[in-house]
């Protein structure tokens with residue numbers, strides 16, 4: 001391939017990229033790279049081609065091309081080629097490649113081999129299912145995987161599921177002066193076996209409702225009072241939002257994540273723990 005032909009293909013790749021025509025852009029980059037894999041700017045072309053396949057959710061190609069991009073990137077300097085490779089390797093559950101990619105980015109990982117299960121802090125993830133969005137709290141297990149630790153109200157989503165999220169936060173939540181990034185969900189990585197129930201509770205005081213949350217949390221389950229859920233417009237959700245957990249007394253709906261065989265027993269134990277506590281209308285949500 002002549003240099004002028006390669007230049008024309010690269011221009012087409014860039015135009016397709018700007019138009020978000022990811023497949024066409026990747027095809028043009030790959031055509032050039034078959035002839036010029038190691039030119040000075042080739043690392044950028046490999047990266048863009050791999051990223052286009054990431055947008056297409058073609059993880060095998062994103063992994064294949066991502067390895068080429070990372071091979072031409074400096075290690076330990078936060079180069080995004082390693083980050084995208086880490087995501088693709090994680091989707092494919094190639095844990096040695098994922099570990100090497102995160103180390104190449106410059107992230108210190110917990111010791112061991114295989115699947116990465118560490119404590120990478122609390123964050124938020126914006127779930128998206130069938131056009132509905134919801135920001136939930138998560139415990140990050142690795143640079144791109146996180147376990148949902150609040151009870152989603154979006155149909156089909158569950159407490160305890162593991163989601164794969166992108167690397168650049170879009171907005172944040174500020175709690176007690178500490179900022180927590182809101183990451184975009186890429187995909188559901190592992191579903192949760194815990195069903196979601198709704199129940200109507202009467203709690204004489206906020207402490208009574210907090211006691212319910214603690215009771216479920218002690219057993220690895222979840223409870224989310226309606227009064228703790230904030231509704232935000234898209235603009236506010238993607239910005240910086242100061243958040244304080246607050247629950248109110250009285251009667252309200254609560255979402256519960258617990259096995260069907262145990263949820264009624266737990267509610268009875270909670271009701272028996274204080275005067276005026278009551279529950280009714282327990283239903284399976286999903």
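The values are calculated or read from the model by the stated rules, or taken from the named source; none is laboratory data. Here the structure is a predicted model, which means the values were calculated and not measured. Neighbour counts run over all protein chains shown; Cβ positions are idealised from the backbone, glycine included.
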message: Being touching a helix residue (DSSP H, G or I) at 6+ places or on another chain (Cβ under 9 Å) and either assigned to a loop (DSSP other than H, G, I, E, B) or surrounded by fewer than 17 Cβ atoms within 10 Å (Cβ to Cβ) (or both) is true for just one of 89, 97, 73, 52. Which residue is that?
response: 73
task: Might you let me know whether region 171-181 holds any residue that is without any contact (Cβ under 8 Å) to a residue 24 or more places away in the chain, more than 19 Å from residue 285 (Cβ to Cβ) and in a strand (DSSP E or B)?
output: yes
- prompt: Of the residues that sit in region 265-286 and are outside any helix (DSSP H, G or I) and over 34 Å from the mean Cα position of the chain (by Cα), which one is surrounded by the most Cβ atoms within 10 Å (Cβ to Cβ)?
  reply: 277
statement: Condition set farther than 17 Å from residue 213 by Cβ and modelled with pLDDT of 70 or more, scope region 228-264, selection nearest to the chain's Cα centre (by Cα): answer is 259
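Taking region 122-133 on its own, how many of its residues are free of Cβ contacts under 8 Å to residues at least 60 places away in the same chain and either crowded, with 19+ Cβ neighbours inside 10 Å or within 8 Å of the chain's Cα centre (by Cα) (or both)?
2
Go over the candidates 170, 162 one by one and state the one that is out of contact with any helix residue (DSSP H, G or I) (no Cβ under 8 Å at 6 or more places or on another chain), closer than 26 Å to residue 80 by Cβ, crowded, with 16+ Cβ neighbours inside 10 Å and not assigned by TED's automatic domain parsing to the domain that holds residue 214.
Going through 170, 162 in turn, the sole match is 162.
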message: Need pairs with beta-carbon distance below 6 Å; first residue in contact (Cβ under 8 Å) with a residue 12 or more places away in the chain and within region 253-269, second buried (at least 21 other Cβ atoms within 10 Å of the Cβ) and in a loop (DSSP other than H, G, I, E, B); sequence gap 6+ or separate chains.
response: 255/151; 257/151; 257/159
query: Looking at 41, 37, which is the one that is within 34 Å of the chain's Cα centre (by Cα) and loosely packed, with under 12 Cβ neighbours inside 10 Å?
result: 41
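Here is a yes/no grid of residues against (1) buried (at least 21 other Cβ atoms within 10 Å of the Cβ); (2) farther than 25 Å from residue 45 by Cβ; (3) without any contact (Cβ under 8 Å) to a residue 40 or more places away in the chain; (4) touching a strand residue (DSSP E or B) at 6+ places or on another chain (Cβ under 6 Å):
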site	(1), (2), (3), (4)
102	yes, no, no, no
106	no, no, yes, no
114	no, yes, yes, no
120	no, yes, yes, yes
144	yes, no, no, yes
152	yes, yes, no, yes
187	no, yes, no, yes
192	no, yes, no, no
